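Trainee: Shown below is the structure under consideration.
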Amino acid sequence: MSRRHLLLFTAACFGTLLLSAGPAGAHGTGGPPASNFQTILDGLHPATPGVDARLGPDREQIELGVTGSTQVIVLGYSDEPYLRIDRRGVFENRNSRAVVINRSRIMTSVPIPIRRGPPRWSKVSSDPIARWHDHRVHWMGGAPPVGVSRDPSHAQVIDEWSIPLVVDGDAAAITGELRWQPPPRAWIWWTAAAALGSIVLVGLRTGWQPAVLMVGLVVMGGSEALHLWGSWPFTRGGPADHLADAIPTLAAIAACGGAAVSLRTRGAAAAAPGILVAGLFVLIGGGLADLPTLSHSWIPSRLDPVLARATVTVALGLGTAMAIFGALHLRPPPSATAPEVDPSIAPS
């Protein structure tokens, strides 16, 4: 492959990865975006044996499970029967507007008519645990609340929410709060990324270059794997959706592994193209696609927030340094030269 073809291939990889990753807020997932608003669930009131209410992994979905002979009916936005959960499974009322509204995280602006008449129950699951996205429990966007506009640097309760229920004929409710958590100081993480990249670039100009490259590739690949593990539960959909959303991260991990093997067997000069590709994949898929992680207090990851931000910092710093090294050490293939002629042999 010529140097020109390699550069074109790298540019294509760069563009494809950039488009596929996008500003998701947590790379490798199609889950909820990072946010400074946090949903807190207090519990079921009154507490009822056999009924368990909790937040889903994305901190926006509600999970409501029942055991025994208990029956729970969740009321929709107009206090109409929306869901019914009992030991036979979960049923939804086709006449409830909430069935349509809750299909999307974004509240639709299209008017949805109220359907009159008795509930039309349709079974959606045999598992007696209902999981649904409820717009009453999370921040719907728009202008910041007055309290946040006045004092964004302090945590505060924005709203108290409630989802009405009917438990075996008695009124109940799932209650909680919506809170504002001030964002972290993103400049600290940007400074750390710049410092990390600079230190690596300096190390690459010393006699420790092969070791610095190997350590950098291993750390990048491990950091990407850790971040993928942390964000995995927040991907919505089935296994196929999880795998599809993880493609950019998996590609970055594979690129790091391939570059490390090439470095080990062929040396730094020959591994430069692979190091360039690995650096770009990590920089985009693990760094640029995850920038909201550095500037939001809640991020969709089961990792500690500091550790999750550290993985993004590693992707930005090491990814940039590795990409620069690879780009500067690309070498064109050796050109064909005419065979040398022994000057002592005179032409006849």
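Trainee: Yes or no: Ile188 in contact with a helix residue (DSSP H, G or I) (Cβ under 9 Å, 6 or more places away or on another chain), assigned to a strand (DSSP E or B) and open to solvent by 30 Å² or more (accessible area, probe 1.4 Å)?
Mentor: Here the answer is no, as Ile188 does not meet what is asked.
Trainee: Taking the stated definitions as given, is Glu177 open to solvent by 20 Å² or more (accessible area, probe 1.4 Å), touching a residue at least 60 places away in the same chain (Cβ under 8 Å) and under 26 Å from Glu63 (Cα atoms)?
Mentor: Yes.
Trainee: Step by step: first the residues of segment 36-67, then only those that are at pLDDT 90 or above and not in a strand (DSSP E or B), then the one that is nearest to Val90 (Cα to Cα). Which residue is that?
Mentor: Thr67
Trainee: For segment 293-301, check the following and say yes or no: at least one residue is out of contact with any Asp or Glu (no Cβ under 7 Å at 6 or more places or on another chain), open to solvent by 30 Å² or more (accessible area, probe 1.4 Å) and polar (S, T, N, Q).
Mentor: yes
Trainee: Hey, another quick one. Which residues, taken from segment 65-82, are in contact with a Leu (Cβ under 8 Å, 6 or more places away or on another chain), under 30 Å from Trp180 (Cα atoms) and open to solvent by less than 20 Å² (accessible area, probe 1.4 Å)?
Mentor: Once the filter is applied, which keeps residues that are in contact with a Leu (Cβ under 8 Å, 6 or more places away or on another chain), under 30 Å from Trp180 (Cα atoms) and open to solvent by less than 20 Å² (accessible area, probe 1.4 Å), segment 65-82 yields Val74, Tyr82.
Results for (1) closer than 22 Å to Val312 by Cβ; (2) of a type in the set (Asp, Glu), shown as yes or no for each residue.
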| site | (1), (2) |
| --- | --- |
| Arg150 | no, no |
| Glu160 | no, yes |
| Ile188 | yes, no |
| Ile199 | yes, no |
| Thr206 | no, no |
| Met220 | yes, no |
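Trainee: Another question, then. Which residues, counting only those in segment 267-295, are part of a loop (DSSP other than H, G, I, E, B) and of a type outside the set (Gly, Ala, Ser)?
Mentor: Leu291, the sole residue that qualifies.
Trainee: For segment 139-150, indicate whether the set of residues that are in contact (Cβ under 8 Å) with a residue 40 or more places away in the chain and closer than 19 Å to Ala98 by Cβ is non-empty.
Mentor: yes
Trainee: Just to verify a result, which residue in segment 258-271, among those that are closer than 17 Å to Val215 by Cβ and in contact (Cβ under 8 Å) with a residue 40 or more places away in the chain, is surrounded by the most Cβ atoms within 10 Å (Cβ to Cβ)?
Mentor: My answer is Ala259.
Trainee: List, please: which pairs have Cβ atoms under 8 Å, are six or more places apart or on different chains, and start with a residue in segment 93-114 that is within 20 Å of His138 (Cα to Cα) and modelled with pLDDT under 75 and end with one that is part of a loop (DSSP other than H, G, I, E, B) and of a type in the set (D, E, K, R)?
Mentor: Cβ pairs passing all conditions: Arg105/Glu60.
Trainee: Could I ask something else about it? Of the numbered conditions (1) touching a residue at least 24 places away in the same chain (Cβ under 8 Å); (2) buried (at least 18 other Cβ atoms within 10 Å of the Cβ), Ala194 satisfies every one except a single condition; which is it?
Mentor: (2)
The values are calculated or read from the model by the stated rules, or taken from the named source; none is laboratory data. Remember, it's a predicted structure, so these values are computed and weren't measured experimentally. Every residue, glycine as well, gets a Cβ built from its backbone with ideal geometry; the counts of neighbours run over all protein chains shown. Ligands, DNA and RNA are stripped out before the accessible areas are found, and what is left, the full protein with its side chains, is counted by its heavy atoms. Shrake-Rupley method; radii C 1.70, N 1.55, O 1.52, S 1.80 Å.
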